[in-house]
Amino acid sequence: MEKRKALVLGATGLIGREVVNMLIAHDQYERVTVLVRRKLDITHPKLIQVTADFDRLEQNSEAFRVDDVFSCLGTTIKTAKTKENFKKVDHGYTIKAAELAAGQGTSNFLTVSAIGADSKSMFFYNKVKGMVEDDL
């Protein structure tokens, strides 16, 4: 079986870090690339870290030439400071990443959503997560 290549977005977060650890430990993956704003404190022969400006994600379009993209992007209102910034990260970056992945012929695009995700929800968090699901 041919070895796979993966790209992880949101690798510095709780879920993303675990996804990276699982992928580098898995025999099926020969390379795991992470696009990050700041480098991870881990090293591994399979791991390639690329510092990226997520507002200009298209500058890293070549990184999306992989078999599987794992999008673990997300923030909190507290960290984002505004609803607009929250939506930009959770929705905008995720959708842009999916578009770039499709453009590079990526086989699988997987994203972390939320229980209760619904674009018609009265709760902003669930609404944004639902919008992501709808738009994917």
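Conditions tested, residue by residue: (1) more than 19 Å from Ser119 (Cβ to Cβ); (2) part of a loop (DSSP other than H, G, I, E, B); (3) out of contact with any strand residue (DSSP E or B) (no Cβ under 6 Å at 6 or more places or on another chain).
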site	(1), (2), (3)
Asp55	yes, no, yes
Gly74	no, yes, yes
Lys78	yes, no, yes
Ile95	no, no, yes
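How about the range 68-89: which of its residues are charged (D, E, K, R) and either more than 16 Å from Ala11 (Cβ to Cβ) or surrounded by fewer than 18 Cβ atoms within 10 Å (Cβ to Cβ) (or both)?
The answer is Lys78, Lys81, Lys83, Glu84, Lys87, Lys88.
State all residues of the range 15-42 that are modelled with pLDDT under 95 and not charged (D, E, K, R); if no residue qualifies, say none.
Leu40, Ile42
Is it the case, given these coordinates, that Gln49 is over 19 Å from Ser113 (Cα atoms), touching a Leu at 6+ places or on another chain (Cβ under 9 Å) and of a type in the set (S, T, N, Q)?
In short, yes.
When residues of the range 69-107 are filtered for being small (Gly, Ala, Ser), touching a helix residue (DSSP H, G or I) at 6+ places or on another chain (Cβ under 8 Å) and over 14 Å from Phe54 (Cβ atoms), how many remain?
Counting residues in the range 69-107 that are small (Gly, Ala, Ser), touching a helix residue (DSSP H, G or I) at 6+ places or on another chain (Cβ under 8 Å) and over 14 Å from Phe54 (Cβ atoms) gives 2.
Return the residues of the range 13-59 that are closer than 27 Å to Lys88 by Cβ and among the polar types (S, T, N, Q); say none if nothing qualifies.
Once the filter is applied, which keeps residues that are closer than 27 Å to Lys88 by Cβ and among the polar types (S, T, N, Q), the range 13-59 yields Thr33, Gln49, Thr51, Gln59.
Taking the range 31-52 on its own, how many of its residues are under 22 Å from Ala98 (Cα atoms) and either in a strand (DSSP E or B) or basic (Lys, Arg) (or both)? Break it down into steps so the answer makes sense when it comes.
Keep residues of the range 31-52 that are under 22 Å from Ala98 (Cα atoms), which gives 31-38, 47-52.
Applying the additional criterion that residues be either in a strand (DSSP E or B) or basic (Lys, Arg) (or both) yields 31-38, 47-51.
Within the range 31-52, residues that are under 22 Å from Ala98 (Cα atoms) and either in a strand (DSSP E or B) or basic (Lys, Arg) (or both) number 13.
Against the condition surrounded by 13 or more Cβ atoms within 10 Å (Cβ to Cβ) and either in contact with a Gly (Cβ under 8 Å, 6 or more places away or on another chain) or not small (Gly, Ala, Ser) (or both), how does Thr111 come out, does it pass?
The answer is yes for Thr111.
Could you list, in sequence order, the residues of the range 1-31 that are in contact (Cβ under 8 Å) with a residue 60 or more places away in the chain and among the charged types (D, E, K, R)?
Arg4, Lys5
Check Ala6, Ala11, Ala63, Ala102 and return the single one that is within 15 Å of the chain's Cα centre (by Cα) and in a strand (DSSP E or B).
Ala6
For the range 90-108, which residues satisfy the criterion of being surrounded by 14 or more Cβ atoms within 10 Å (Cβ to Cβ) and either over 18 Å from Arg56 (Cβ atoms) or touching a residue at least 24 places away in the same chain (Cβ under 8 Å) (or both)?
Across the range 90-108, the qualifying residues are Asp90, His91, Tyr93, Thr94, Ile95, Lys96, Ala97, Ala98, Leu100, Ala101, Gln104, Thr106.
Filter the range 114-135 down to residues that are surrounded by 14 or more Cβ atoms within 10 Å (Cβ to Cβ) and touching a residue at least 24 places away in the same chain (Cβ under 8 Å) and give me whichever is nearest to Ala98 (Cα to Cα).
Step by step, filter the range 114-135, then rank; the result is Val132.
The values are calculated or read from the model by the stated rules, or taken from the named source; none is laboratory data. On a predicted model such as this, the values are computed, not experimentally measured, just so you know. So basically every Cβ, Gly included, is an ideal-geometry build from the backbone, and we count neighbours across all protein chains shown.
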